[in-house]
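Student: Structure below; questions to follow.
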Amino acid sequence: MWIRSLDEGVGIALDSLRSNKLRSTLTILGVVIGVCTVMAMASIVEGIRTQIFNAMETAGPTAFYVMRFFSQTPLNPDRLPYEVRIRPVIDEPDAVAIRQVPEIQYAAMWVQVFEKMEYQGERTQLLTIYGADDQFMEVLGGTLLRGRLFSRSELHGAPVTVVENESAERLFGQADPLGRYVRIGGKAFLIIGIYQRPENIFEPPSQQTGAIVPFQTAKQSFRYDETNALFISVKPWNRVTPERAQDLATVALRKARKLRPGQANTFDLITQDQILDTISSLTSMFFLVMVALSSVALLVGGIGVMAIMMVSVTDRTKEIGLRKALGATRAEILWQFLVEAATLTLIGGLLGIGVGLGLGELLKRLLKLQSAVPLWSAVLACGVSIAIGLTFGMYPANRAARMDPVEALRHE
């Protein structure tokens, strides 16, 4: 009996869609928009997470960083909390202490600044400029396309730079950048190399890498934040686990800073896992905000479903009275209309999934992301669509089920 009612309810819903195309389209439009938004955002968020994970795998998942103080949001350098001010600024002796650990392959001072690059009137947006050394790509990944990296003598403050390929094309077009001077933050730098950053790395526009300059050159040429922008990049040998390398680096730095047992560390270690956790929390918050916004569209769609079902109940009052007169129970009438409402919203959900998949694929191509749409988002979208139909269809279905058959048969 319930299977037959289910089949009948679905059939009536499809007939209603065919006979009232405009009304039905407007009814499920809110559901389509809401589900489409959820699907598109799930696709983008999953793509961002995949890109960041792939980027860290490419760069080497064992690398970690030592900072003066780690905060998920950058600290105001002019108003540092007391617990930050009492910590010494990260400096070269700290890097040397870590570098002397046999299990550590690489440890060096790096600095990160945000500057514009300019050449003969062409100018980029704010880009990330790294002050590092010739091992930069060994830690963060990338490929040297042309030219060379820094020589030993250039590491002591020479105004030279290795420019990222995309930035070079933006400034120089078809011209060969090698041997030319580019202005970074108003300072002139000789281009000695062109490199390609890892293709699978996700970088917001304001954090896209533009160039690498020697660390000492960056210290002399740019203003930088000693708390947020100055750090030691560390990479252990392949045979050493990240956890052991971090423990050894901590011991070496505590010894170098003469910290007694029981004293708290005056530095922070930032691991790849911490970076992934931070990114994950940010993308999750972004996804939750988008779900909250899309829920407004779903609410509108649900109200539309309730309105259309109320009209349907009124139009079919005589039919309801006749069915009750022939022995249909309240539960059967209620079930029929709930199935009809759920079918309408399910159709809206399926359309939303289709549109969302297309939109997500388009955005992934534009953002150069690589990931599949998670299956759970499609299942969730279908479930939410049916739940909306059942929730907002309950009132009109209950109204139909409570009708008096005699009064319903008299309805004109």
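The values are calculated or read from the model by the stated rules, or taken from the named source; none is laboratory data. In this text the structure is predicted, and so the values were computed from the model without any measurement. Cβ atoms come from the backbone with ideal geometry, glycine included; neighbour counts cover every protein chain shown. Note: areas computed on protein heavy atoms with side chains; ligands, DNA, RNA excluded. Shrake-Rupley method; radii C 1.70, N 1.55, O 1.52, S 1.80 Å.
Student: Can you tell me which residue among Ile129, Ile192 is open to solvent by 10 Å² or more (accessible area, probe 1.4 Å) and not in a loop (DSSP other than H, G, I, E, B)?
Tutor: Result of the check over Ile129, Ile192: Ile192.
Student: Also, I was wondering about something else. Sort out which residues of segment 97-119 are open to solvent by 20 Å² or more (accessible area, probe 1.4 Å), in contact (Cβ under 8 Å) with a residue 12 or more places away in the chain and either out of contact with any Leu (no Cβ under 8 Å at 6 or more places or on another chain) or under 30 Å from Arg183 (Cβ atoms) (or both), and write them in order of number.
Tutor: Gln100, Gln105, Tyr106, Gln112, Phe114, Glu115, Lys116, Glu118, Tyr119
Student: Give segment 205-228 a look and list any residue that's closer than 20 Å to Arg68 by Cβ, open to solvent by 10 Å² or more (accessible area, probe 1.4 Å) and either in a loop (DSSP other than H, G, I, E, B) or among the charged types (D, E, K, R) (or both), or say none.
Tutor: Answer for segment 205-228, where residues must be closer than 20 Å to Arg68 by Cβ, open to solvent by 10 Å² or more (accessible area, probe 1.4 Å) and either in a loop (DSSP other than H, G, I, E, B) or among the charged types (D, E, K, R) (or both): Lys219, Phe222, Arg223, Tyr224, Asp225, Glu226, Asn228.
Student: Considering only residues of segment 255-272 that are of a type in the set (D, E, K, R) and assigned to a loop (DSSP other than H, G, I, E, B), which is surrounded by the most Cβ atoms within 10 Å (Cβ to Cβ)?
Tutor: Arg257
Student: Out of the residues in segment 179-215 that are closer than 17 Å to Gln112 by Cβ and of a type in the set (Ser, Thr, Tyr), which is modelled with the highest pLDDT?
Tutor: Only one residue fits best here, namely Tyr195.
Student: If you don't mind, another one. Condition first: modelled with pLDDT of 90 or more and open to solvent by 70 Å² or more (accessible area, probe 1.4 Å). Now tell me which residues in segment 229-238 satisfy that.
Tutor: Trp237
Student: Right, next: Of the residues Ala307, Ala378, which is assigned to a helix (DSSP H, G or I), surrounded by 15 or more Cβ atoms within 10 Å (Cβ to Cβ) and at pLDDT below 75?
Tutor: Answer to the selection: Ala378.
Student: Further question: For Arg148, indicate whether it is surrounded by fewer than 16 Cβ atoms within 10 Å (Cβ to Cβ) and in contact with a Gly (Cβ under 6 Å, 6 or more places away or on another chain).
Tutor: Yes.
Student: Within the group Pro74, Pro93, Pro88, which residue is surrounded by fewer than 16 Cβ atoms within 10 Å (Cβ to Cβ) and part of a helix (DSSP H, G or I)?
Tutor: The unique qualifying residue is Pro93.
Student: Would a scan of segment 98-116 turn up a residue that is more than 15 Å from Ser233 (Cα to Cα) and in contact with a helix residue (DSSP H, G or I) (Cβ under 8 Å, 6 or more places away or on another chain)?
Tutor: Within segment 98-116, one or more residues are more than 15 Å from Ser233 (Cα to Cα) and in contact with a helix residue (DSSP H, G or I) (Cβ under 8 Å, 6 or more places away or on another chain).
Student: Would you please name the residue that is farthest from Met41 (Cα to Cα), looking only at residues in segment 331-347 that are in contact with a Ser or Thr (Cβ under 6 Å, 6 or more places away or on another chain) and open to solvent by less than 10 Å² (accessible area, probe 1.4 Å)?
Tutor: Selected residue: Gln336.
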